[in-house]
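Accompanying notes for the structure given below.
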Amino acid sequence: MISRIFKEVHCDASHRLLHYKGKCACLHGHRWKVEVWMEGQVDGRTGILVDYNTIKNVIERYDHQIILNEQDRMVAAILAFHPVITTPGEPTSELLATLIAGMLNEECERLGLTARVTRIRVWESPTCHAEVIYEGQ
């Protein structure tokens, strides 16, 4: 039997878009909201698909962090004062959705769980989100 769960997590982080012409080219912050749907086989011993805290802990790796494109020259300057999470491209909500889904799937695999992300939404404001749907896994 396949089970499905949903978890919503909020975190605060800053980013900028290196190759964007407009306000988002400047370093700025968001109150990000991440919504995750997962499915798989429930663990026979615990009765849990995946602990909600596992999802929360993976997403909160971004909390109060600076997220920049790995090619951004600002990375070196900020690293002298604060850690920086770098991404393989622009740290858009679209890319963050893909990266977080991958991190969640890797964590489940590491824990020996069958749970996998089927849908993820990353909101960077109350009116804007990116969604990735994984069909036919």
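The values are calculated or read from the model by the stated rules, or taken from the named source; none is laboratory data. Predicted, not measured: the structure shown is a model, and the values here were computed from it. Virtual Cβ from ideal backbone geometry, glycine too; neighbours counted across all protein chains shown.
Within region 70-95, if we keep just the residues that are out of contact with any helix residue (DSSP H, G or I) (no Cβ under 8 Å at 6 or more places or on another chain) and surrounded by 17 or more Cβ atoms within 10 Å (Cβ to Cβ), the residue that is farthest from Arg31 (Cα to Cα) turns out to be Asp72.
Against the criterion of being small (Gly, Ala, Ser), at pLDDT 95 or above and part of a helix (DSSP H, G or I), Gly102 qualifies.
What residue, of Val50, Val36, is surrounded by 18 or more Cβ atoms within 10 Å (Cβ to Cβ), of a type in the set (Val, Ile, Thr) and part of a loop (DSSP other than H, G, I, E, B)? Only one candidate passes the filter, namely Val50. The residues on offer are Ile67, Ile5, Ile85, and the sole one that is touching a Leu at 6+ places or on another chain (Cβ under 6 Å), part of a strand (DSSP E or B) and closer than 21 Å to Val117 by Cβ is Ile5. Here Arg45 passes the criteria (1) of a type in the set (D, E, K, R); (2) farther than 26 Å from Arg121 by Cα; (3) assigned to a helix (DSSP H, G or I) except the one numbered (3). Residue count for region 7-24 satisfying the condition of being over 17 Å from Val84 (Cβ atoms) and exposed (fewer than 13 other Cβ atoms within 10 Å of the Cβ): 5.
Scanning region 1-17 for residues that are modelled with pLDDT of 95 or more and out of contact with any helix residue (DSSP H, G or I) (no Cβ under 7 Å at 6 or more places or on another chain) yields a count of 9. Looking only at region 73-114, residues that are within 11 Å of the chain's Cα centre (by Cα) and either on the phi > 0 side of the Ramachandran plot or of a type in the set (Val, Ile, Thr) (or both) come to 3 in all.
Of all residues in region 57-68, those satisfying the criterion of being surrounded by 17 or more Cβ atoms within 10 Å (Cβ to Cβ) and either touching a helix residue (DSSP H, G or I) at 6+ places or on another chain (Cβ under 8 Å) or under 25 Å from Met1 (Cα atoms) (or both) are Val58, Ile59, Tyr62, Ile66, Ile67, Leu68.
Close contacts from region 5-27, counting a first residue that is under 13 Å from Lys56 (Cα atoms) and a second that is of a type in the set (Phe, Trp, Tyr), with Cβ to Cβ under 7 Å and a gap of 6+ residues or different chains, come to Phe6/Trp37; Lys7/Tyr52; His10/Trp32; Cys11/Trp32; Cys11/Tyr62.
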